[in-house]
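Student: Structure below; questions to follow.
The values are calculated or read from the model by the stated rules, or taken from the named source; none is laboratory data. Here the structure is a predicted model, which means the values were calculated and not measured. Here the Cβ is made from the backbone with ideal geometry for all residues, glycine too, and neighbour counts use every protein chain on show.
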Amino acid sequence: MDITNGDVAATQQHHDATKRSDHDDSSSNQNQSIHDDDVSVSSIIALSELDPPPSRSEILRDKWLEALSGKIHFWVGVTVMALIIIDGAFFFFLLVGAQNMCTPRTNCNPRNWWYNFSIQFLNVLFTYLATVSLPWRLSNTAHLFNGSGKHNRRSSDAGLDLYGRPTEKIWYHISQSRRRIIVFFLILNSLTQYANQATRIIYYSFELQNVFPGTLWTNLFFMLSMMCAAVAGVLQIHAEMGLRKVHPERFPPTLFETLGEYLTKVRNIRRRTREEGGDEEEPTRDGDVEEDRRKLERGRSFFVRNIHSFFSNVEPSLGLWGL
């Protein structure tokens, strides 16, 4: 993986910062400023300075991806994910007969009607994600399989974006071969999901999907779609976690890591306040209370900035999944 001169400088700054205490707020601010600088690396080379300049298809692609990167689209995606979890749980309970609507628990009405409704609704949600993520998947596929060799227009080497410019978006730092495998399975996920949706339209009722050949085709493409998504997801998560572990100074921590660090600071400050407040011989001073308040405010500010930095850094990663 190539590291530019700016990245080397950022790495040195982080190395110096980490020599101080992990609980020092100035260290946290230093790390945050490094991430903020890294996120803007790709903006060094403007589109007008590219050689060759952006083609019409690339401009159209950019507008398409930009339309899928708005806040409304993101929250729609989050809502869809939440519905998948809720409906998936409902479907599972009906599948195993954990219901009191009728008997026998795994084959009766209205259980069968709700069972068919839940799986149909689940497939619509999966088809939505497979569709809105397709522009990101196709764009990366074209880039990865065309951006190689000495006659390529836009290099797809690790660390370079869709235009072949240096970037700190973590997705582009996954090795070229690994990204090719991931997008291969993601494209298969979209295709098998479309086939799965087609079978659910053909075998639309519980009776049709519960007898041959409906039971074969609906279950076959459902399992294939899930397997492709699982393989791609595991490979991507493993690769990105590895990059964060090796280069913590370059890539913002995950939401869970940021939240854990913030909550740890809050607990430490509150525990110290209780301990000092319970000591009658050394009552808590107003200055200490004010200092604790300032630390909490800095912690909240750092938390918000790190969350923003994280989402900015993983935009292509989330786009591949319809978020």
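Student: Picking from 72, 84, which residue would you name as being within 20 Å of residue 308 (Cα to Cα), within 23 Å of the chain's Cα centre (by Cα) and at pLDDT 50 or above? Before you say what the answer is, go through the steps one by one.
Tutor: Details: 84 fails: within 20 Å of residue 308 (Cα to Cα).
The conditions single out 72.
Per-residue answers, yes or no, for (1) part of a loop (DSSP other than H, G, I, E, B); (2) β-branched (Val, Ile, Thr); (3) over 27 Å from residue 79 (Cβ atoms):
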site	(1), (2), (3)
128	no, no, no
131	no, yes, no
137	no, no, no
179	no, no, yes
183	no, yes, no
199	no, yes, no
204	yes, no, no
212	yes, no, yes
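Student: Of 91, 74, which residue is more than 17 Å from residue 318 (Cβ to Cβ) and out of contact with any His (no Cβ under 9 Å at 6 or more places or on another chain)? Walk me through how you get there before you give the answer.
Tutor: Working: 74 fails: more than 17 Å from residue 318 (Cβ to Cβ).
Among 91, 74, only 91 is more than 17 Å from residue 318 (Cβ to Cβ) and out of contact with any His (no Cβ under 9 Å at 6 or more places or on another chain).
Student: Given the structure, is residue 237 farther than 18 Å from residue 311 by Cα and either surrounded by fewer than 18 Cβ atoms within 10 Å (Cβ to Cβ) or modelled with pLDDT under 95 (or both)?
Tutor: Details: farther than 18 Å from residue 311 by Cα: no; either surrounded by fewer than 18 Cβ atoms within 10 Å (Cβ to Cβ) or modelled with pLDDT under 95 (or both): yes.
Taking the combined requirement at face value, the residue does not satisfy it.
Student: Still on this structure, I have one more. State the number of residues belonging to the stretch 99-118 that are touching a residue at least 60 places away in the same chain (Cβ under 8 Å) and surrounded by 15 or more Cβ atoms within 10 Å (Cβ to Cβ). Steps first, please.
Tutor: Taking the stretch 99-118 and keeping what is touching a residue at least 60 places away in the same chain (Cβ under 8 Å), we get 112-113, 115-116.
Those left that are additionally surrounded by 15 or more Cβ atoms within 10 Å (Cβ to Cβ): 112, 115-116.
Of the residues in the stretch 99-118, 3 are touching a residue at least 60 places away in the same chain (Cβ under 8 Å) and surrounded by 15 or more Cβ atoms within 10 Å (Cβ to Cβ).
Student: Which members of the stretch 60-95 meet the condition of being within 23 Å of residue 106 (Cα to Cα) and free of Cβ contacts under 8 Å to residues at least 24 places away in the same chain?
Tutor: Selection gives 85, 86, 89, 92, 93, 95.
Student: Quick one: is residue 115 assigned to a helix (DSSP H, G or I), farther than 17 Å from residue 183 by Cβ, of a type in the set (Phe, Trp, Tyr) and under 25 Å from the mean Cα position of the chain (by Cα)? So that I can check it myself, show each step before the final result.
Tutor: Details: assigned to a helix (DSSP H, G or I): yes; farther than 17 Å from residue 183 by Cβ: yes; of a type in the set (Phe, Trp, Tyr): yes; under 25 Å from the mean Cα position of the chain (by Cα): no.
No: the conditions fail for residue 115.
Student: In addition: Can you tell me which residue within the stretch 223-244, out of those that are of a type in the set (A, V, I, L, M) and touching a residue at least 40 places away in the same chain (Cβ under 8 Å), is nearest to residue 193 (Cα to Cα)? Explain how you work it out, then say what you get.
Tutor: Of the stretch 223-244, the ones of a type in the set (A, V, I, L, M) are 223-224, 226-227, 229-232, 234-235, 237, 239, 241, 243.
Imposing the further condition that a residue be touching a residue at least 40 places away in the same chain (Cβ under 8 Å) reduces the set to 229, 231-232, 235, 239, 243.
Values: 229: 10, 231: 15, 232: 14, 235: 20, 239: 25, 243: 30 Å.
In this case the residue turns out to be 229.
Student: Among the residues of the stretch 170-183, how many are in contact (Cβ under 8 Å) with a residue 12 or more places away in the chain and surrounded by fewer than 20 Cβ atoms within 10 Å (Cβ to Cβ)? If you could, list the steps in order and put the result at the bottom.
Tutor: Let us first name the residues in the stretch 170-183 that are in contact (Cβ under 8 Å) with a residue 12 or more places away in the chain, namely 170-176, 178-183.
Now restrict to residues that are surrounded by fewer than 20 Cβ atoms within 10 Å (Cβ to Cβ): 175-176, 178, 180-181.
So the answer is 5.
Student: On to the next question. Let me confirm something: among 76, 96, which residue is surrounded by 13 or more Cβ atoms within 10 Å (Cβ to Cβ) and β-branched (Val, Ile, Thr)?
Tutor: Values: 96 fails: surrounded by 13 or more Cβ atoms within 10 Å (Cβ to Cβ).
Just one listed residue meets the conditions, 76.
Student: In addition: What pairs come out if I take residues in the stretch 192-219 that are closer than 26 Å to residue 232 by Cβ and pair them with residues that are in a helix (DSSP H, G or I) and of a type in the set (Gly, Ala, Ser) whose C-beta lies under 6 Å away, six or more apart or interchain?
Tutor: 192/225; 193/130; 193/225; 196/225
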